[in-house]
Amino acid sequence: MKNSNKYDTGIDFIIVNFYREEYVKLMVESIHRFTDTDYSIYIINNGKNEGENSGYDKLKKIFQHDETVTILKGVEQDNAVKPEDGAIEKCKIDGRMVSLASKCKTIAQQKAWKAGNREIVCSIDYDAVFLNQWFDDIKELLESNFLVTYMRYDLNIYRDQFLVIKRKDVEDNELYPNLDYKDGSGNITLFCESNKKDVHILNDSFSNKDLKNHHVLGLKYGEQLFVNEKPFFYHYSRGGSRDNNLYGDWLNSVTKYLEDNK
């Protein structure tokens with residue numbers, strides 16, 4: 001359904017996958033469980049996209065009956081990125097060196113952010129899960145702010161692991177994620193600071209260690225986000241590099257949480 005603008009109502013979720021489709025499966029399940037509005041989900045695969053047993057084909061199969069999900073081909077990151085290369089990409093504005101993996105992620109995000117047409121864009125990482133109903137709280141904050149997110153305080157940039165912004169503001173200001181400033185999506189922080197935009201920064205348990213006492217998942221790693229003092233989102237952090245045991249811990253803990261909170 002169209003709203004009074006040119007956009008469809010609701011949210012476009014953006015998720016970049018890199019070889020761990022089970023993360024994505026649980027993330028999507030939590031969207032279905034806890035998102036009370038119209039939405040579309042764009043999953044862009046940055047692993048193998050062609051040939052036998054590709055991540056793209058796996059995702060197509062997993063979500064073949066889910067009409068909310070669109071699978072896109074991103075950057076075949078394993079072909080482009082060599083771990084031994086380290087930080088080899090230079091941010092244009094501040095000159096900070098970052099990994100080619102960060103560049104691959106932003107290239108994928110740019111494509112996926114442009115794919116949808118809903119009035120709100122929500123960027124989320126694949127190693128994350130929604131914990132409760134959240135949309136009404138975040139939408140209310142977005143009505144009086146340019147965007148809603150949380151901070152990476154070591155670099156003082158917004159984190160696109162959870163970032164919600166109006167599509168009109170993205171398109172009007174060409175605010176698709178890039179590596180121009182400090183790291184991926186740092187360009188969005190720079191724009192907001194330069195133009196004195198109001199931004200709502202959510203409380204999170206990485207920045208405030210006391211909030212770890214309120215974690216609802218029994219996991220050693222990760223941070224939990226709060227809105228109006230309610231836990232609503234958990235990000236495992238560096239989920240792509242977790243070993244198989246820690247990956248299994250996430251799958252077991254999140255699966256149980258979703259089953260217990262139907």
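Comparing mean-square fluctuations of N203, N244, N187 from a GNM of the chain with C-alpha springs under 10 Å, the top value falls on N244.
By accessible area, using a 1.4 Å probe on protein heavy atoms only, the stretch 99-153 has 46% of its surface on carbon and sulfur.
FRET efficiency for the pair D66 and Q110, taken as 1/(1 + (r/R0)^6) with r the Cβ-Cβ distance and R0 = 30 Å, rounds to 0.80.
What pairs in K48/K212; K58/K197; K114/K196; K25/K197 have C-alpha atoms more than 30 Å from each other? Correct reply: K48/K212; K58/K197; K25/K197.
Quantify, in whole percent, the carbon and sulfur part of the accessible surface of the stretch 206-255 (1.4 Å probe; protein heavy atoms only). Intermediate values should be presented prior to the final figure.
Details: 1230 of 2760 Å².
Accessible surface attributable to carbon and sulfur in the stretch 206-255 totals 44 percent.
Between R96 and I201, the contour length at 0.36 nm per residue exceeds the Cα-Cα span by 35.4 nm. Multiplying the residue separation of S241 and H32 by 0.36 nm and subtracting their alpha-carbon distance yields 72.6 nm.
Along the positive direction of the dipole of the stretch 138-245 (beta-carbon charges: Lys, Arg +1; Asp, Glu -1; about the Cα centre), which of T189, V164, L217 reaches farthest? It is L217, whose Cα lies furthest towards the positive end. Averaged over its residues, the stretch 220-262 has an accessible area of 54 Å² per residue, based on protein heavy atoms and a 1.4 Å probe. Computed over protein heavy atoms with a 1.4 Å probe, the accessible surface of the stretch 139-179 works out to 41 Å² per residue.
Quick check on the chain: helices-only [θ] at 222 nm, where DSSP H runs of length 4 and up contribute -39,500 (n - 2.57) each and the sum goes over total residues. Nearest 500, please.
Working: 8 runs with 84 residues, N = 262.
That calculation yields -9500 deg cm²/dmol at 222 nm.
Bridgeable aspartates and glutamates around K90 (alpha carbons under 13 Å apart, same-chain partners fewer than 8 residues away excluded): D180, D183. Over every Cα atom in the stretch 128-262, the radius of gyration and the widest Cα-Cα span, Dmax, amount to 15.8, 45 Å. Measuring nothing but protein heavy atoms, the accessible surface of the stretch 1-45 at 1.4 Å probe radius is 46 percent carbon and sulfur. Using the alpha carbons alone, the radius of gyration of the stretch 1-143 stands to its Kirkwood radius in an Rg to Rh ratio of 1.00. Note on the chain: GNM, Cα springs under 10 Å; of L131, L147, L211, the largest mean-square fluctuation is that of L211.
Here is the list for the stretch 157-262: GluC sites (Glu not before Pro) lying in DSSP coil, each with at most 11 other C-beta atoms within 10 angstrom of its C-beta, are E174, E229.
The values are calculated or read from the model by the stated rules, or taken from the named source; none is laboratory data. Everything quoted here is computed from the prediction, not taken from an experiment. Counting neighbours? That spans all protein chains shown, and the Cβs are built from the backbone with ideal geometry, glycine included. Note: areas computed on protein heavy atoms with side chains; ligands, DNA, RNA excluded. Shrake-Rupley method; radii C 1.70, N 1.55, O 1.52, S 1.80 Å.
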